[in-house]
Amino acid sequence: MKNTLLFLLFAFMGTHAMAGVIKGHAADTKGEALSYATIYVEGTTTGANANASGDYELTIAPGLYTVICQYVGYKQARYSVTIKGDETVIHNFFLATQGLEMKEVVVKANAEDPAYAIMRSAIKKRKFHADQISSFQTNMYLKCIGRSRQMPKKVMGQKINAQDIGADSNGKGIIYLLEEDADYYVQGEHERTVVHSVRESGNPGGVGFSQFPSVISFYDNNVSLFGRSSRGYISPVNDLALNYYKYKLEGQFEEQGHTVYKIKVIQKRAYEPCFNGYIYITEGEWAIHSINLALTKESGLDKMDTMKVDQLYLPYKDDTWVIKSQVIYVTLKIFGFDIIGSAVTVYNRQKVNEPIADTMFSKKVTSSYDKIANKKDTAYWTENRPIPLEADEKKDFVVKDSIRKVIEDPRRVDSLRRKGNKPSPVGLLISGYTYTGKEKRNVFTTNSVLLGLSEDNMVNFNAVEGFNIAPKVNWRHMVDTGKYIITDMAARYGFTNTHFNAIGRVYYTATDQAWRSRSWMGGVEGGKYVFQYNPDNPVLQWFNTYASLFYKENDLRIYERWEGSAFLRRNYGNGLIWLAKASFQKRLPLSNNTEYNFSSVDAPYKSNLPANLPAVATAWEEHNAMILYGMISYKPGITYTQYPDYKTPNGSSWPRLTLSYEKGVAGVLESKTDFDKWRFSIQDDVSLRLFGRFSYNFVVGGFLNSKYVSIPDLMHLYGNRGVGYANPYMQSFQFAQYYDFSNKEPIYGEAHVEYHLNGLLSNKIPLLRPAQWYLLFGGNAFYASDHNYYTEAFVGIDNIGWKLLRILRVDFVQSWDSNRGHNSGIRFGLSGATFTRAVNVSHSEW
């Protein structure tokens with residue numbers, strides 16, 4: 001006991017006093033290495049782990065100790081040693097396979113496996129063990145390594161240089177290596193990780209993982225492996241686990257006075273979010289002794305091929321067990337890459353239910369780094385690393401540093417810059433052209449010529465201008481780190497109406513380098529250009545070009561206006577954003593000027609002025625408009641990560657609240673507009689864990705004053721008549737006519753809701769189950785009056801794709817409206833809810 005206390009004292013102090021080293025190899029009786037085997041001093045929870053090759057190294061103060069080597073599925077090996085001073089003792093551990101005993105039982109037909117009684121006891125005590133530790137603190141050492149077993153020469157036509165990534169000419173080698181030393185604190189709902197040192201191979205400024213799962217708790221009903229917003233997986237000791245798992249008792253063994261049961265865990269149904277493997281349960285305490293569980297595609301794992309979790313717990317005191325080591329293994333094959341990875345965490349100096357200062361959880365900081373966390377030298381790691389580096393890992397740190405110097409060589413960087421600045425015909429057509437100056441101080445970008453799937457193509461067609469050419473140029477000039485002057489320029493010429501328009505915008509933006517996402521911007525814009533009636537720009541110009549020329553369907557409704565405006569935007573980095581803009585406009589109506597098309601349709605193009613709008617708007621005429629606009633948006637509950645040199649927000653579980661107000665000021669510079677328009681929204685994504693995700697966006701707004709409301713100032717629905725493609729989810733209406741529901745009502749309401757099941761139900765449908773496509777349901781609704789409303793409901797499938805590229809979604813939509821319209825059809829889009837209205841950078845319409 002005396003020696004144990006002495007050891008703990010030296011370990012806790014972490015001094016450079018005299019200490020000895022026990023090192024060697026951990027293997028089975030056949031000599032096969034036991035990767036990440038746990039080595040610790042009996043009577044403590046402090047120790048080390050072997051590396052992937054089975055090599056270990058344990059530093060301890062002088063004294064007499066019993067050192068234990070433990071590996072799940074093997075008998076413990078013990079070694080008594082006396083450390084007299086600053087010496088190195090070599091000892092190899094050879095562990096025999098754990099012999100299992102079976103209690104004698106009377107076997108009856110259809111008898112229940114004895115594992116069920118054990119698991120019922122463990123399930124009954126799940127909450128006890130989950131609540132047993134009210135506060136926990138521990139030191140953590142994390143090592144992550146990713147290795148390539150195979151690598152393609154090209155991906156999507158782009159050449160892959162294996163050497164730049166760290167692999168050899170055969171595509172094999174280490175592609176990522178990280179080690180991290182931290183302390184972890186948890187008390188109730190509060191968590192805090194303090195990172196003392198981090199080292200990323202080839203990246204001296206790397207910060208590693210601030211939010212990596214510190215301890216994966218299988219005492220939680222829902223086991224979260226990919227963040228709290230993910231669906232998660234059902235624990236084998238979940239309160240309802242018997243509905244999802246089958247169990248089989250493999251046997252039992254004795255270990256340090258504890259009877260431990262080895263139980264095989266088998267999911268009952270394929271594609272349920274369940275584990276397979278082994279769980280070890282102690283008799284009496286019914287606590288988890290260790291875990292060896294895996295996930296595959298049939299467990300609902302869709303981003304990777306396999307994932308395995310190994311955990312080992314040690315007795316702390318009484319019936320309390322604490323985690324000693326955790327290893328996560330992953331495999332992934334995609335685009336010719338064959339990647340394996342592991343993340344091993346070693347826990348030392350654990351404290352259970354001891355007071356933690358309230359200041360540890362103050363200031364909403366969930367993770368923090370020491371100021372010199374990524375600047376510690378190799379001597380620090382040699383002294384504090386509980387897992388020895390392997391030979392190729394030592395080499396990787398050296399090689400990657402050399403590769404980094406080559407990659408960052410100014411001559412190489414400049415050569416690649418010049419090569420990247422060479423235009424390509426395909427690039428000009430699809431994505432435009434980008435020119436990057438030295439040190440990226442000046443970057444020029446143009447829009448695509450013809451085939452870009454955005455509204456920014458240079459060449460377009462509509463019934464008002466005919467064919468038109470509309471080049472746009474963005475110039476970003478870096479004044480200093482995080483500070484830019486950005487200039488946007490656009491010109492437009494219609495070959496049929498012969499109108500030339502040009503407009504420009506210049507603004508300054510600065511990001512706080514000590515508080516990322518805290519920024520401000522201010523600028524001016526002016527000129528004359530073509531705008532849609534609806535400032536949300538619901539009609540994509542490339543699609544209108546296609547529909548007009550081939551089907552004589554023209555949905556684009558436009559007008560010209562002169563504009564001079566100034567705007568200011570502030571993001572405080574704490575969830576609060578505001579925007580203010582003042583604009584003077586001279587609005588000029590336009591009409592159709594051509595019937596040109598490639599189709600055989602004889603009917604004329606639809607008028608540029610929808611038939612219902614003159615009756616809704618006060619007037620549509622050439623007029624001046626003075627517009628004041630303000631927006632404030634807030635998302636409470638933001639937490640932060642404090643990195644060595646800057647702080648960044650993590651997000652929040654609270655909804656975002658947004659209020660906007662727009663005022664048409666009459667009499668200023670002969671302005672005719674006279675209205676007061678407001679809009680309030682509340683929106684969020686809510687994780688329902690195993691039951692999926694619920695997204696909502698509820699809106700209420702209206703006109704407090706509508707003395708003179710021109711067409712662009714009306715409340716317009718974000719509609720969509722495009723064939724096939726979906727407009728932004730959670731803020732648009734997939735089958736609403738663009739201007740049929742425009743209004744100036746004193747009050748209106750919108751609701752957008754989606755329920756993503758994330759595998760629930762679809763894992764029982766034969767076609768969807770192996771593809772891992774997920775069902776979703778939802779609806780969009782608008783109501784202004786009994787004579788002006790619109791509703792649509794949809795059912796869809798998302799998560800369409802392959803492994804990491806599951807980004808597609810398809811919906812069947814049915815709509816009903818006040819005009820007795822009943823439309824239905826299919827919409828294709830990208831997965832994920834998008835909320836963009838509240839954070840529009842400059843409230844720009846072009």
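Worth pointing out:
- For segment 663-680, the set of residues classified as under 34 Å from the mean Cα position of the chain (by Cα) and among the charged types (D, E, K, R) consists of Arg679 only.
- All conditions but one from (1) in the same structural domain as Glu189 (by TED's automatic domain parsing); (2) more than 30 Å from Asn650 (Cβ to Cβ); (3) among the basic types (Lys, Arg); (4) outside any strand (DSSP E or B) apply to Lys371; the one that does not is (2).
- So Ala61, is it without any contact (Cβ under 8 Å) to a residue 60 or more places away in the chain and in contact with a helix residue (DSSP H, G or I) (Cβ under 6 Å, 6 or more places away or on another chain): yes
- Residue count, segment 797-821 (criterion: in contact with a Lys or Arg (Cβ under 8 Å, 6 or more places away or on another chain) and touching a residue at least 24 places away in the same chain (Cβ under 8 Å)): 9
- Asp358 of a type in the set (Asp, Glu), at pLDDT 95 or above and in the same structural domain as Ile291 (by TED's automatic domain parsing): no
- Residue list for segment 477-508, restricted to those being out of contact with any Gly (no Cβ under 8 Å at 6 or more places or on another chain), surrounded by 15 or more Cβ atoms within 10 Å (Cβ to Cβ) and hydroxyl-bearing (Ser, Thr, Tyr): Tyr484, Tyr493
- Beta carbons closer than 7 Å, at least 6 apart along the sequence or on distinct chains, pair a first residue in segment 593-607 that is free of Cβ contacts under 8 Å to residues at least 40 places away in the same chain with a second that is assigned to a loop (DSSP other than H, G, I, E, B) for Pro604/Glu595; Ser607/Asn592.
One line per residue, one yes/no per condition, for (1) at pLDDT below 95; (2) at negative phi; (3) out of contact with any strand residue (DSSP E or B) (no Cβ under 6 Å at 6 or more places or on another chain):
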residue	(1), (2), (3)
Phe698	no, yes, no
Gly702	no, no, no
Tyr708	no, yes, no
Pro712	no, yes, yes
His716	no, yes, yes
Gly719	yes, yes, yes
Val723	yes, yes, yes
Ala726	yes, yes, no
Phe735	yes, yes, no
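- Of the strands (runs of 3 or more DSSP E) entirely within segment 424-522, those holding at least 3 residues that are of a type in the set (Val, Ile, Thr) and under 28 Å from Asp536 (Cβ atoms) occupy 442-446, 483-494, 500-511.
- Filtering segment 746-790 to residues that are touching an Asp or Glu at 6+ places or on another chain (Cβ under 7 Å) and of a type in the set (Ser, Thr, Tyr) leaves Tyr774, Ser785, Tyr789, Tyr790.
- Within the option set Val215, Val186, Val198, Val194, being assigned to a strand (DSSP E or B), under 28 Å from Ser134 (Cβ atoms) and out of contact with any helix residue (DSSP H, G or I) (no Cβ under 9 Å at 6 or more places or on another chain) holds for one residue only, Val186.
- Checked across segment 311-332, the condition of being surrounded by fewer than 17 Cβ atoms within 10 Å (Cβ to Cβ) and under 29 Å from the mean Cα position of the chain (by Cα) holds for at least one residue.
- Any chance Lys124 is in the same structural domain as Lys364 (by TED's automatic domain parsing) and closer than 30 Å to Thr45 by Cβ: yes
- Ser415 vs. criteria within 30 Å of Lys483 (Cβ to Cβ), of a type in the set (Ser, Thr, Tyr) and more than 32 Å from the chain's Cα centre (by Cα): yes
- Residue selected from segment 793-828 under the condition modelled with pLDDT under 90 and outside any loop (DSSP other than H, G, I, E, B), by the criterion surrounded by the most Cβ atoms within 10 Å (Cβ to Cβ): Arg806
- Listed by position, the helices (runs of 4 or more DSSP H) contained in segment 114-178 that have at least 1 residues being surrounded by fewer than 19 Cβ atoms within 10 Å (Cβ to Cβ), under 30 Å from the mean Cα position of the chain (by Cα) and at pLDDT below 95 are 126-132, 162-165.
- Among the candidates Ser402, Ser415, Ser424, Ser448, residue that is in contact with a Gly (Cβ under 7 Å, 6 or more places away or on another chain) and small (Gly, Ala, Ser): Ser448
- Criterion (touching a Leu at 6+ places or on another chain (Cβ under 9 Å) and closer than 30 Å to Gly336 by Cα) met by exactly one of Gly146, Gly157, Gly173: Gly146
- Contact map, segment 483-499: residues that are within 29 Å of Ser519 (Cβ to Cβ) paired with residues that are of a type in the set (Phe, Trp, Tyr) and part of a loop (DSSP other than H, G, I, E, B), Cβ distance under 7 Å, separation 6+ or inter-chain. Pairs shown: Ala490/Trp846.
- Test result for Ser299, among the small types (Gly, Ala, Ser), crowded, with 23+ Cβ neighbours inside 10 Å and in contact (Cβ under 8 Å) with a residue 24 or more places away in the chain: no
- Any hit, segment 25-35, residues being within 36 Å of the chain's Cα centre (by Cα) and either within 15 Å of Val81 (Cα to Cα) or buried (at least 22 other Cβ atoms within 10 Å of the Cβ) (or both): yes
- Flag for Tyr559 being without any contact (Cβ under 8 Å) to a residue 40 or more places away in the chain and either within 14 Å of Gly722 (Cα to Cα) or not aliphatic (A, V, I, L, M) (or both): no
- Across segment 523-559, the qualifying residues are those that are in a strand (DSSP E or B) and of a type in the set (D, E, K, R), and the one among them that is nearest to the chain's Cα centre (by Cα) is Glu525.
- Residue in segment 8-31 that is under 23 Å from Ile279 (Cα atoms) and either at pLDDT below 90 or of a type in the set (Asp, Glu) (or both) present: yes
- Filtering Ile747, Ile765, Ile797 for residues that are assigned by TED's automatic domain parsing to the domain that holds Asn534, farther than 30 Å from Lys552 by Cα and over 29 Å from the mean Cα position of the chain (by Cα) leaves a single hit, Ile747.
Residue-by-condition table, conditions (1) on the phi < 0 side of the Ramachandran plot; (2) crowded, with 19+ Cβ neighbours inside 10 Å; (3) among the polar types (S, T, N, Q):
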| residue | (1), (2), (3) |
| --- | --- |
| Asp512 | yes, no, no |
| Trp520 | yes, no, no |
| Tyr533 | yes, yes, no |
| Leu540 | yes, yes, no |
| Ser548 | yes, yes, yes |
| Tyr551 | yes, no, no |
| Arg587 | yes, yes, no |
| Ala603 | yes, no, no |
| Ser607 | yes, no, yes |
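- Where strands (runs of 3 or more DSSP E) sit wholly within segment 610-694, those with at least 3 residues that are out of contact with any Phe, Trp or Tyr (no Cβ under 6 Å at 6 or more places or on another chain) and either among the β-branched types (Val, Ile, Thr) or surrounded by 17 or more Cβ atoms within 10 Å (Cβ to Cβ) (or both) occupy 623-634, 639-642, 656-665, 674-687.
The values are calculated or read from the model by the stated rules, or taken from the named source; none is laboratory data. Nothing here was measured: the structure is a model prediction, and the numbers come from that model. Methodologically, a virtual Cβ is constructed for each residue, glycine included, from the backbone with ideal geometry; neighbour enumeration extends over all protein chains shown.
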